[in-house]
Amino acid sequence: MINDQLRAWIEVQKFPRHSNDVFSFVLGSVLAWYATGAFHWGVFIAGLMAVFFMANGIYLTNEYQDYESDSRNSERIGGVNSGMGMDTTGGTRVLVNGRLNRRHVYLAGMAFFVLCIPLGLLIQFGFHTGPWTIPLGIVGLFFTYGYSNPPIKASYRGMGELFMMLGYAALVFTAYYIQSGPSWFPLVVCLPRILSVPALKLLRNIPDAAADSLAGKRTLVIMIGKARAGRLYVGLIAVSVATFIPAIVVTGSIFILLNIIPAYFLISSAIPIARGLWNETGPLSKSCRDGFKGLLLIPITLTLTFILNAVTGL
């Protein structure tokens, strides 16, 4: 019993998904080092902890808020009996299967949001990172808490993709700012990441549309329809891949070729959708899987590009 509850707590925190947030923060921090040559490890570690806590807050509270939709979701990719994977949709199924108390999960999520506050105070006043630090932290909390929690519940009002896009933009900007001060540089370089995040969320909402609608969750897919959502996904992926160009211009490095890898997966994920296969489980599952691989690899390959360029001069 105890072991099953421990496994359930691990699963509901979606640790594999934390890689999205962690690698994006690392990229913003590396860009600050690349641009200025300065790097503060204390700031980096405290900031990384805050990012982890904030992400845990949204993952746990979102699982609580989406209970009704997840309970009705018999069309989710992965089936009703599987947990979370790269190509599954519709939550972790931990609460739906009654493995944890819903209220306890919600309270744990709120506790993680609260834990961000002392870290923000430490980063600004302990490490003297600048007057924007706490306001930027508040912006981060606004986008993460407001994504699925009241009174905003952005993901229930067709604004989930927008909140994710702005949230990740704020994340890379903040990671850069607390190391080196304000700059547009990280936002320009990170455009592939910033644009592909809402794209993949849009794609993953397609198979969940029926359950979301029954639960009163009006996602963007429900508002514009699956066919238009598929076309929007293809467009966002095309723009996302094109925005690797600023990194090419900035570095002029041979290591920019590393970014062919995430670009390949993103394009691969868009092809079945462009062919109109957004309503077929097999192709849609593959698109979700390839899209998640591309999304995950973007900050990794961009980080390696700038580190290797700075170290080798190539």
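Read the figures in this text as sums done on the coordinates, not as results from a lab. Remember, it's a predicted structure, so these values are computed and weren't measured experimentally. Note: ideal-geometry Cβ built from the backbone for every residue, glycine included; neighbour counts use all protein chains shown.
What's the long-distance tail for the chain, i.e. % of Cα pairs beyond 31 Å? Here the long-distance tail beyond 31 Å is 30 percent of all Cα pairs in the chain. In straight Cα distance, which lysines are under 23 Å from Lys286, not counting same-chain residues fewer than 8 positions off? Output for Lys286: Lys14, Lys201, Lys226. Diffusion of the range 171-288 by Stokes-Einstein, at 10 °C in a medium of 1.306 mPa s and with Rh set to the Kirkwood radius over alpha-carbon pairs, works out to 101 µm²/s. Candidate cross-link partners of Lys217 among the aspartates and glutamates, defined by an alpha-carbon separation under 13 Å and a same-chain spacing of 8 or more, comprise Asp66, Glu68, Asp70, Asp208. Cα centroids of the range 24-69 and the range 262-314: how far apart, whole angstrom? Computed from Cα coordinates, the inter-centre distance equals 21 Å.
The dipole here belongs to the range 2-312: it is taken about the Cα centre, uses +1 on the Cβ of Lys and Arg and -1 on the Cβ of Asp and Glu, and is about 440 debye.
A protection proxy built from the mean count of other Cβ atoms within 10 Å ranks the segments 116-123, 243-250, 160-167, 4-11, most packed first, as 160-167, 116-123, 243-250, 4-11.
Rounded to the nearest 500, what is the chain's calculated 222 nm mean residue ellipticity when only DSSP H runs of at least 4 contribute -39500 (n - 2.57) each, over all residues? All intermediate terms of the calculation are to be shown ahead of the outcome.
Details: 15 runs with 223 residues, N = 314.
One gets -23000 deg cm²/dmol as the mean residue ellipticity at 222 nm.
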